[in-house]
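The values are calculated or read from the model by the stated rules, or taken from the named source; none is laboratory data. For clarity, every value in this text was computed on a predicted model and none was experimentally measured. Note: ideal-geometry Cβ built from the backbone for every residue, glycine included; neighbour counts use all protein chains shown. Quick note on the areas: whole protein, heavy atoms, side chains included, nothing else; ligands and nucleic acids left out. Shrake-Rupley method; radii C 1.70, N 1.55, O 1.52, S 1.80 Å.
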Amino acid sequence: MDSLRSTFTIHFDVPGHEIPLSTFVRTAEDTAAIVASLNKLLFEGQLKYEILVLPPEHGSFKSRIGLAILAGWGAVWSFTESDIGQAFVEGLTAHPPAYWARQLGEGIRDQLAAAPDDSSPEEEDGQEGESVDDSDEIRCRFSGAIVIEATKSFLQSDTDRLEKAGITISRFREAYAARNDFYNTCAELPDLRAIGFEDEPVFPISRSDFFHLQVALPPAPDDADEPWTVGIVDLKVTSPNWDREDRQRFWKGKDGKGRERLFRIEDEHFWVLVKAERLSIHIIDTIKVQWAFQGKAGSPKNIRVLMVLEFNGEILSEALDKNALNAILGAFSKIEDTQGDLFNDYS
């Protein structure tokens, strides 16, 4: 299996001599989720593979993940041979498939070009544990390299570039959700200065990029009927987004327990005040908001700030009542009493 294995490296730039196990596990799981999403949407789920945890190098701060191709590499080969696939790979990784073939070693590109293409998928893929001929092994190695490079590029590229390559947020929602979680996990490690994806100490993703590479996601189909929870909470804004038309970046803040929250502000009155430059803006702004979210209170998702009640101590608006909330969120929304008796007259 080793000859058919490709390696993905997550290189952590930390000053100490260790990282938490949770960081190691969660970033590896998120990487695996991105690979699964690419396989599902690009190769119709035909690529059969196994994700392996490889032993770390002595004294390094790297998470090394092995991608062992078991079967289905013909789907990757066919995709990269098509005009659409070649354009996709070049748009995503900045290089055409032939470039990645050259990276595998001298002569690989010529062997790929000369390899017969008359085998059926069943003959080509074989069964796990069976030997493969030289041409199949070459294609298998090539397929693994393409998947690894696509995953690395997805983790590093800004959203505009990804969408130009056809990797839209709506279609690749699962991959973007995994990337959000990947960088949120990185941000939770205070000493983590940067991330790289090579064995060499090169770290192109700085700590400030951890937030910018997270994007706003459309609600998942399974969320359509999930009830909303409404509450009032104080937040310290650590990264605002004053461009209302920017649908890719969240506002970012911390709640009273120091947990990072990503949210959008839908309050029309608030945006009128922003446009009129009527707000007193600080380096770290403190806001009191009425928000709605799905999921559990400890790990909310799809957070919507419905009203900004206070901004740096200045009262801006009153909270919406139950009728207004039902009009916005639907009749099945529920109320969480987060501020004493603020919602007592709703019942």
Going through segment 281-306 in order, the residues found to be of a type in the set (S, T, Y) and modelled with pLDDT of 95 or more are T286
Tell me whether segment 236-249 contains one or more residues that are open to solvent by less than 20 Å² (accessible area, probe 1.4 Å) and under 30 Å from I335 (Cα atoms). yes
Give the residues of segment 135-171 that are of a type in the set (S, T, N, Q) and either over 23 Å from K252 (Cα atoms) or open to solvent by less than 20 Å² (accessible area, probe 1.4 Å) (or both), sorted by residue number. S135, S143, T151, S153, S157, T159
Neighbours by Cβ (under 6 Å, 6+ apart or cross-chain): first from segment 188-215, without any contact (Cβ under 8 Å) to a residue 60 or more places away in the chain; second of a type in the set (D, E, K, R) and not in a loop (DSSP other than H, G, I, E, B): F211/K252
Of all residues in segment 4-26, which are assigned to a helix (DSSP H, G or I) and surrounded by fewer than 17 Cβ atoms within 10 Å (Cβ to Cβ)? L21, S22, V25
Looking at I34, I65, I51, can you tell me which residue is of a type in the set (V, I, T) and part of a helix (DSSP H, G or I)? I34
Filtered residues of segment 76-93 (kept if farther than 23 Å from D158 by Cα and either surrounded by fewer than 19 Cβ atoms within 10 Å (Cβ to Cβ) or without any contact (Cβ under 8 Å) to a residue 60 or more places away in the chain (or both)): S78, F79, E81, S82, D83
Checking G298, G231, G313, G330 in turn, the sole residue that is open to solvent by less than 80 Å² (accessible area, probe 1.4 Å) and under 22 Å from the mean Cα position of the chain (by Cα) turns out to be G298
Which numbered condition I108 misses (of (1) at pLDDT below 90; (2) open to solvent by 60 Å² or more (accessible area, probe 1.4 Å)): (2)
E174 being assigned to a helix (DSSP H, G or I), among the acidic types (D, E) and open to solvent by 50 Å² or more (accessible area, probe 1.4 Å): yes
Subset of segment 180-209 [crowded, with 16+ Cβ neighbours inside 10 Å and under 13 Å from I10 (Cβ atoms)]: F182, Y183, T185, C186, L189, L192, A194, I195, G196, F197, F203, I205
When you go through (1) within 30 Å of G330 (Cβ to Cβ); (2) in a loop (DSSP other than H, G, I, E, B) one by one for D181, which number turns out not to apply? (2)
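Residue-by-condition table, conditions (1) in a loop (DSSP other than H, G, I, E, B); (2) outside the structural domain of L235 (by the TED database); (3) of a type in the set (D, E, K, R); (4) free of Cβ contacts under 8 Å to residues at least 12 places away in the same chain:
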{"position": "W271", "(1), (2), (3), (4)": "no, no, no, no"}
{"position": "H282", "(1), (2), (3), (4)": "yes, no, no, no"}
{"position": "I303", "(1), (2), (3), (4)": "no, no, no, no"}
{"position": "S317", "(1), (2), (3), (4)": "yes, no, no, no"}
{"position": "N323", "(1), (2), (3), (4)": "no, no, no, yes"}
{"position": "N326", "(1), (2), (3), (4)": "no, no, no, yes"}
Within segment 262-280, the count of residues that are surrounded by 13 or more Cβ atoms within 10 Å (Cβ to Cβ) and at pLDDT 90 or above comes to 10
